[in-house]
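I have placed the structure first, in the form of structure tokens, so that the comments after it can refer back to it.
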Amino acid sequence: MHVLKHLFNYVLQRKSLAIAVIIFIFIAQIAELSIPILVGVTIDQILLALAEERFEVIIVVTGVILIIVASVIRGLSYFLGRWIGYLQGEKIIYDIRKDLFIKYETSSLTFFDEHHTGDLMARATTDLEPISEFLVWGERILLQASLTYTGIYLVLFMIDFRLFILIGIVTPVLFILSYFVSTKLGPLYFDIREQYGKLTTVIQENISGIQIVKAFNAEEREKKKFDQENFAYFNLRAYAFKIRSIFLPMILFVVNLLITILIFAGGYQVIQGEISPGLLITLFTYFTMLAMPTRFLAFSLIMYQRVSAAGDRVFTLLESPTHLPEVPKAVKMLKITPTIIFENISFSYDTKETLSDISLTINSGEKVAILGPTGSGKSTIISLIPRFYDPTKGRLLIQTGESTHDLRDMDLKDWRQKVGYVHQEPFLFGRTIAENIAFGVPETTNEEINEVVRITQLADFVNSLPDGLETIIGERGVTLSGGQKQRVAIARMLLRKCPIMILDDATSSLDISTEDNFQKAFEQYLDRSQSKQTVIFITQRLSTLKMVDRIIILSRGQIIEQGTHNELLERGQIYPLLWKTQEAGLVDIKLALEKIIQERS
């Protein structure tokens, strides 16, 4: 019922189409149910005329014309009902798929931490297939079958109550069989959908990580993993088909039993003169008509179990509270670059705490470097600034002039336009270099793109390409080196002219010479800027520390040292030891810090 409720809400959005389908199917069923009556009456009239030796052609012609008219009405109504039903079903699937995509686009990163990419893809594609089938023809067939059953049994009730009772004793067997099978197939189809999600996840992970798989000679291991999930999926589907294969012949057996009862009882009544031969033919035609709707009804019930399993996955996902909460009258930030205040902030992924009671102020226009060993909370602390996550405890405050607001009270879309973010492993689209750089800034000029290309030291590389900025870089930027991808991502951020810029180890793949040239050009860019810009670095390079105003060292989710380069050299306990590692030829800050902190503890 949970799934039907959601589907009904989508049907109401297309209610004009739904009403049209019902009207045309109803007309078609009336026409179809009238044909056996017309055939029976025509036969009785012919037999009566022969018995009275007054055969008239008009009797046959009238009957044939009426049957043809009813058939034409039936055919035309079925065509319109099926065509409109198809449009209705496809438009509803279009609406559901659109809602799913919006859900993915607007969900917090916690949502993606909890779901595999392959499973999310399955819910937006293959999980919608059984729903589409049900809406396109299952819904219509169910309506047709219901009208056929109702019409036939209503006619039978009016013609002969004894036959109605006799047939009515056997009919419930159909519904008992359908209920039994539905209770078996329902949980089974849910397991099939879940297993399919696991299977697509394995495929997606292997395609995305094919270089790692090959580098570690893990092809055979991944094949075994895929075979395991694929075989589990095969077994579940095979068992479902087995149940269906047993169920459908049983349904047909019951229908044939109904026809046999009718022939026996009806034939006896014809012999006794209680009903006419034409009426027996009408009843026989009706019950042969039951065979197809009964099969369709059985298929519809089986289909509904598939829909229930797939729809439960889709609609549960749509219902899940994955959006970051926003206040009704959110605050929009002024053009002034704000001060960012971490007020006693803690953060946990599930039960694992990664930040513990952090208090920190990043002033407007300040350049800050955050250092720390692996797992110290560096990426977590900067992920809170664009509000990818909300703190578990404490508040992240945004201060502009005399106004101070909790980040949760800020307009999220407006705020994220003010924050530029470059990840260590940036994502690039399989489009041109120019499109990747201008992503999110549709109204930009070639001069602006060329300027950020120059700052990020990409000019020589771009000029060496036959198509220059119009070169397509392949899916996820596969045709670029790590350093080139990072510089394209930095250029993309610079083009947005954000007052707050975050570089999460964004130059780690650059060689020393290129990084030095970029830093000089970046400094000049900041100096030329008409407004103050706050820059936050996470870095593994000590050379980056020379250009920042303050250095913050994290360990196990807490700040253990902070200050300027000179201040920390004079009174720091960790930083002086870190700086001395240059003399030993160690330039990886994370490894050096980890070693220093372990030795001191």
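The values are calculated or read from the model by the stated rules, or taken from the named source; none is laboratory data. Since the structure is predicted, the reported quantities are computational estimates derived from the model, not experimental observations. Every residue, glycine as well, gets a Cβ built from its backbone with ideal geometry; the counts of neighbours run over all protein chains shown.
Some observations on this one:
- If only residues of region 511-548 that are of a type outside the set (A, V, I, L, M), in contact with a strand residue (DSSP E or B) (Cβ under 8 Å, 6 or more places away or on another chain) and farther than 24 Å from G482 by Cα are counted, the one that is modelled with the highest pLDDT is T534.
- Just one of the listed residues (K352, K378) is modelled with pLDDT of 85 or more and among the charged types (D, E, K, R), namely K378.
- For region 347-386, the candidate set comprises residues that are β-branched (V, I, T) and over 14 Å from I552 (Cβ atoms); within that set, the residue that is farthest from the chain's Cα centre (by Cα) is T374.
- Given (1) under 20 Å from L355 (Cβ atoms); (2) of a type outside the set (F, W, Y); (3) surrounded by fewer than 20 Cβ atoms within 10 Å (Cβ to Cβ), number of the condition D549 does not satisfy: (1)
- Of the residues making up region 94-116, those that are β-branched (V, I, T) and surrounded by fewer than 14 Cβ atoms within 10 Å (Cβ to Cβ) number 2.
- Number of the exception - I502 against (1) within 31 Å of the chain's Cα centre (by Cα); (2) of a type in the set (V, I, T); (3) surrounded by fewer than 19 Cβ atoms within 10 Å (Cβ to Cβ): (3)
- Taking region 1-119 as the region of interest, the helices (runs of 4 or more DSSP H) fully inside it that hold 3 or more residues being farther than 20 Å from L317 by Cα are 15-51, 57-106.
- Wholly within region 483-601, helices (runs of 4 or more DSSP H) carrying at least 2 residues that are out of contact with any Phe, Trp or Tyr (no Cβ under 6 Å at 6 or more places or on another chain) and among the acidic types (D, E): 512-528, 565-571, 589-600
- The sole residue among T445, T400 that is under 30 Å from E470 (Cβ atoms) and among the hydroxyl-bearing types (S, T, Y) is T445.
- Selection count where residues are under 23 Å from S513 (Cβ atoms), out of contact with any Ser or Thr (no Cβ under 8 Å at 6 or more places or on another chain) and touching a residue at least 24 places away in the same chain (Cβ under 8 Å), scope region 426-450: 2
Matching residues to (1) under 13 Å from V422 (Cα atoms); (2) modelled with pLDDT of 85 or more; (3) within 35 Å of the chain's Cα centre (by Cα):
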{"position": "R454", "(1), (2), (3)": "no, yes, no"}
{"position": "Q457", "(1), (2), (3)": "no, yes, no"}
{"position": "N463", "(1), (2), (3)": "no, yes, no"}
{"position": "S481", "(1), (2), (3)": "no, no, yes"}
{"position": "K485", "(1), (2), (3)": "yes, yes, yes"}
{"position": "V488", "(1), (2), (3)": "yes, yes, yes"}
{"position": "L494", "(1), (2), (3)": "yes, yes, yes"}
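- A search for C-beta distances below 9 Å between a residue of region 263-279 that is farther than 13 Å from L48 by Cα and free of Cβ contacts under 8 Å to residues at least 60 places away in the same chain and any residue that is exposed (fewer than 14 other Cβ atoms within 10 Å of the Cβ) and of a type in the set (D, E), counting only pairs 6+ apart in sequence or on different chains, returns Y268/E274.
- Hits in region 312-355 (condition: over 28 Å from C498 (Cα atoms) and either hydroxyl-bearing (S, T, Y) or free of Cβ contacts under 8 Å to residues at least 60 places away in the same chain (or both)): T316, E319, S320, P321, S348, Y349, D350, T351, K352
- D127 vs. criteria surrounded by fewer than 14 Cβ atoms within 10 Å (Cβ to Cβ) and within 30 Å of D350 (Cα to Cα): no
- Count - residues of region 392-421 that are of a type outside the set (D, E, K, R) and either over 21 Å from T354 (Cβ atoms) or loosely packed, with under 15 Cβ neighbours inside 10 Å (or both): 13
- When residues of region 334-390 are limited to those that are of a type in the set (S, T, N, Q) and in contact with a Pro (Cβ under 7 Å, 6 or more places away or on another chain), the one nearest to S107 (Cα to Cα): S346
- Residues in region 261-275 that are part of a helix (DSSP H, G or I) and either surrounded by fewer than 12 Cβ atoms within 10 Å (Cβ to Cβ) or at positive phi (or both): F264, Y268, I271.
- Yes/no for L66 being on the phi < 0 side of the Ramachandran plot, surrounded by fewer than 19 Cβ atoms within 10 Å (Cβ to Cβ) and in contact with a helix residue (DSSP H, G or I) (Cβ under 6 Å, 6 or more places away or on another chain): yes
- Test result for K485, without any contact (Cβ under 8 Å) to a residue 12 or more places away in the chain and not small (G, A, S): no
- Within region 145-167, being polar (S, T, N, Q) and either crowded, with 19+ Cβ neighbours inside 10 Å or modelled with pLDDT of 80 or more (or both) holds for T148, T150.
- Number of residues in region 105-164 that are among the small types (G, A, S) and under 21 Å from the mean Cα position of the chain (by Cα) equals 6.
- Qualifying positions in region 412-434 - charged (D, E, K, R) and either over 25 Å from the mean Cα position of the chain (by Cα) or under 26 Å from I536 (Cα atoms) (or both): K413, D414, R416, K418, E425
- Scanning region 73-92 for residues that are under 22 Å from V3 (Cα atoms) and crowded, with 19+ Cβ neighbours inside 10 Å gives G85, Q88, G89, I92.
- Test: residue in region 134-144 that is assigned to a loop (DSSP other than H, G, I, E, B) and at pLDDT below 80: no
- Any hit, region 580-589, residues being of a type outside the set (S, T, N, Q), crowded, with 17+ Cβ neighbours inside 10 Å, under 20 Å from L503 (Cα atoms) and at pLDDT below 85: yes
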